[in-house]
Amino acid sequence: MKRCLIVSIDGGGTKGIYSLMLMQKLGKLIYNQGLNISYLLKGLFDHIIFTGSSVGALLASTLYSLVIKNSDFNELDRILNFEITKIFSKRSWGLGIYGKYSSSHLKNFIDQHICEEYNDSISLIIPCYNITDEKIEYSCLTKNDNISRSLIDTSILSIKEQILASCSAPSYFKPVQHYNIMHNKDYYYVDGGVTLNNPTAFIISAIIGNVSFDNLSVLSLGYNKSLKQIRYDNILDIIKLMIKAATDSRIDHEIIKNLTKRFKQIKYMRKECIFSKDRQPDDLSKIVFDESDIQSNNHLMDVYDFLIAE
């Protein structure tokens, strides 16, 4: 039986860190059993696809890089405690499209931690938004021709530029600028989460007719955000509602549930961190979650059982 795993991570700034911490705890759980999570995943699945938008692109790329290097995920301790928090620590003097924060720490993190290697058993797919042509574009690291052919709008950016662009949330980081020599003009790229905060549904739809598999396991990680938190007293509130609706992962969740009903070989799990109040994407006030918080919702064991189940 040929098995494929998709690990998809939502955007959301510091709220998305929950997803990486959940995988960190999963790595420790498996390590305590005398096993290496990277070897375990590659032993369980014939092919693994990592994908994510916005900060999810950064986190999915980090996990991809660890798995391709056969890491046991212990490195995530340092990444969570020291590296991620630096991203929102350096203010930019720029205004408007240049954003609140300098991209220097973000670029350094990508250069230091993201691997550009690829092999037959693992792929990375990252979306970003081309604001010049007004469309989502994709970059991928894969040796699977069927996966690369399934992505219609491919980006001219390198994978590291693509990750940086997908993390470049408007007003927080400046857009990525790239000169296209063929068209003799500059193109600008921003956060993939602008129109595709949760890329899971798209990735499933793109590969399902192009990649041969007997069983597709889909693990979607993110956070819950409620549209009910918004009041509709004026035009600004309505604009906020439209922005939240465009990036609401629950919409994608409903699409995926319909896909799983149609294609019986798809096994789907969605895990979310639920915040008591709405938080800004750069809010560092409670970036680290206790292990007990994750286990209290049975998230850790649920994900473990989901991955190892035949």
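Where does each of Met23, Met269, Met301 land when they are ordered by accessible area, with a 1.4 Å probe and the largest first?
Working: Met23 5, Met269 35, Met301 85 Å².
Sorted by accessible area, descending: Met301, Met269, Met23.
Rolling a 1.4 Å probe over the protein chains gives His178 an accessible area of about 40 Å².
First compute the accessible area of the range 1-129 with a 1.4 Å probe, then give the percent of it belonging to carbon and sulfur atoms. Kindly include the intermediate steps, with their values, before the conclusion.
Working: 2460 of 4770 Å².
Within the range 1-129, the accessible surface is 52 percent carbon and sulfur.
Applying 0.36 nm per residue to the separation of Gln33 and Ile181 and subtracting their alpha-carbon distance, the gain on full extension is 48.0 nm.
Looking at the range 54-193, the accessible area is 45 square angstrom per residue; that uses a 1.4 Å probe and ignores ligands, DNA and RNA.
I'd like the trypsin sites (Lys or Arg not before Pro) in the range 102-163 restricted to DSSP loop residues with at most 15 other Cβ atoms within 10 Å, sorted by number.
Numbers: sites: Lys107, Lys135, Lys143, Arg149, Lys160; in loops: Lys143.
In loop regions of the range 102-163 (DSSP not H, G, I, E or B), the sparsely surrounded trypsin sites (Lys or Arg not before Pro) are Lys143.
Stretched out straight at 0.36 nm per residue, the stretch from Asn70 to Asn119 would grow longer than its current Cα-Cα span by 16.4 nm.
How far, in nm, would the chain grow between Asn146 and Met301 when pulled straight, counting 0.36 nm per residue and subtracting the alpha carbon separation?
On the way: separation 155, 0.36 × 155 = 55.80 nm, distance 3.30 nm.
Answer, rounded to one decimal: 52.5 nm.
Peptides 8-20, 62-74, 120-132 ranked from most to least packed give 8-20, 120-132, 62-74, packing being the mean of other C-beta atoms within 10 angstrom over each peptide's residues. Couplings 3J(HN,Hα) of the range 192-206, computed from phi: x, x, 4, 10, 9, 5, 10, x, 4, 4, 5, 4, 4, 4, 5 Hz, in residue order, whole Hz [Karplus 6.51 cos²θ - 1.76 cosθ + 1.60, θ = phi - 60°; x for Gly and Pro]. Under 5 Å between amide hydrogens, built in the peptide plane, is the criterion, and for Ser102 it picks out Lys90, Arg91, Ser92 among residues at least 5 positions away or on other chains.
The values are calculated or read from the model by the stated rules, or taken from the named source; none is laboratory data. From a predicted model like this one, the values you see are computed outputs, not experimental measurements. As a convention, Cβ positions derive from the backbone with ideal geometry for all residues, glycine included, and neighbour counts pool all protein chains shown. When the accessible area is computed, the model is the full protein with side chains, heavy atoms only, and any ligands, DNA or RNA have been set aside. Shrake-Rupley method; radii C 1.70, N 1.55, O 1.52, S 1.80 Å.
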